[in-house]
């Protein structure tokens with residue numbers, strides 16, 4: 001009888017434990033969060049540089065929470081194949097329409113409208129020792145020797161706050177030997193492209209690295225050799241040359257007066273004579289009544 005009571009107690013305890021476990025499980029299930037809905041999105045399979053034409057190996061599908069899906073995202077890989085990236089993409093970054101271009105490829109897709117990209121060769125001096133990187137901002141200074149008839153050299157800041165679009169090293173041939181040359185691509189206005197081309201043709205350019213936060217355009221006047229070397233101050237301190245005595249004016253000699261020519265007084269007119277014809281003879285006499293002095297046959 002005692003054994004039967006012990007068995008009943010054991011069975012009752014087991015039933016109570018099972019009921020308690022079931023109740024605890026149901027309570028945990030009630031408070032457990034439900035799994036959030038997801039949406040498959042096209043993302044970068046690895047780091048992708050700008051100007052890359054997308055192919056299947058550049059892309060993969062990843063489930064994103066439906067509440068966190070960005071606008072203009074893609075859900076099918078085929079919808080982005082053949083398009084070109086306009087920006088850098090990191091692995092796992094969603095592919096968005098604003099980051100792609102269906103026209104062109106390479107560096108050209110990063111050039112904004114109304115802008116131009118100009119590439120220039122720089123060395124360690126003119127290129128800030130090779131520390132210029134894409135995204136940096138620089139000023140461009142041109143130096144020209146003997147402008148016009150002057151023996152001065154001039155330096156002028158022709159471009160300010162210019163963005164570096166790309167920077168890299170390319171290989172050129174000089175004296176039949178390969179030479180690594182750093183090339184920097186500047187993003188400029190069309191007028192700035194003309195100024196830069198003329199500066200490269202007429203003189204030498206220098207890139208000046210600036211703080212990207214500093215967007216101020218300074219009013220800078222050209223600098224000359226005379227100002228840098230202080231030659232203008234030396235010329236002002238030098239004693240003035242003695243003034244030359246004024247040269248007296250040249251007076252033309254006065255010509256002598258012309259000789260006075262005396263004109264002889266006119267001779268008095270001779271007394272009048274009269275010719276008289278008398279008896280067939282011609283006679284000249286002082287008066288009509290005078291007796292004839294001579295006869296003319």
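The values are calculated or read from the model by the stated rules, or taken from the named source; none is laboratory data. Remember, it's a predicted structure, so these values are computed and weren't measured experimentally. Virtual Cβ from ideal backbone geometry, glycine too; neighbours counted across all protein chains shown.
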Which members of region 37-51 meet the condition of being outside any loop (DSSP other than H, G, I, E, B) and in contact with a helix residue (DSSP H, G or I) (Cβ under 9 Å, 6 or more places away or on another chain)? 38, 39, 42, 44, 48
Only residues that are without any contact (Cβ under 8 Å) to a residue 40 or more places away in the chain and touching a strand residue (DSSP E or B) at 6+ places or on another chain (Cβ under 7 Å): list them for region 90-110, please. 96, 99, 101, 104
So for region 111-118 (the condition being over 22 Å from residue 207 (Cα atoms), part of a strand (DSSP E or B) and touching a strand residue (DSSP E or B) at 6+ places or on another chain (Cβ under 8 Å)), does at least one residue qualify? no
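Here are 167, 155, 117: which of them is farther than 22 Å from residue 212 by Cβ and modelled with pLDDT of 80 or more?
Numbers: 167 fails: farther than 22 Å from residue 212 by Cβ; 117 fails: farther than 22 Å from residue 212 by Cβ.
That would be 155, the only listed residue that is farther than 22 Å from residue 212 by Cβ and modelled with pLDDT of 80 or more.
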Considering every residue within region 55-66, establish whether at least one is assigned to a helix (DSSP H, G or I), touching a helix residue (DSSP H, G or I) at 6+ places or on another chain (Cβ under 8 Å), within 30 Å of residue 166 (Cα to Cα) and modelled with pLDDT of 90 or more. yes
Any idea how many residues of region 72-85 are surrounded by fewer than 17 Cβ atoms within 10 Å (Cβ to Cβ) and closer than 14 Å to residue 52 by Cβ? 2
Residue match in region 173-186 (condition: at pLDDT below 80, more than 19 Å from residue 198 (Cα to Cα), surrounded by 11 or more Cβ atoms within 10 Å (Cβ to Cβ) and not assigned by TED's automatic domain parsing to the domain that holds residue 82): yes
Of the residues in region 187-230, those that are within 14 Å of the chain's Cα centre (by Cα) and assigned to a loop (DSSP other than H, G, I, E, B) come to 189, 217
Which condition number does residue 87 fail, the rest of (1) closer than 28 Å to residue 213 by Cα; (2) in the same structural domain as residue 182 (by TED's automatic domain parsing); (3) out of contact with any strand residue (DSSP E or B) (no Cβ under 7 Å at 6 or more places or on another chain); (4) at pLDDT 75 or above being met? (2)
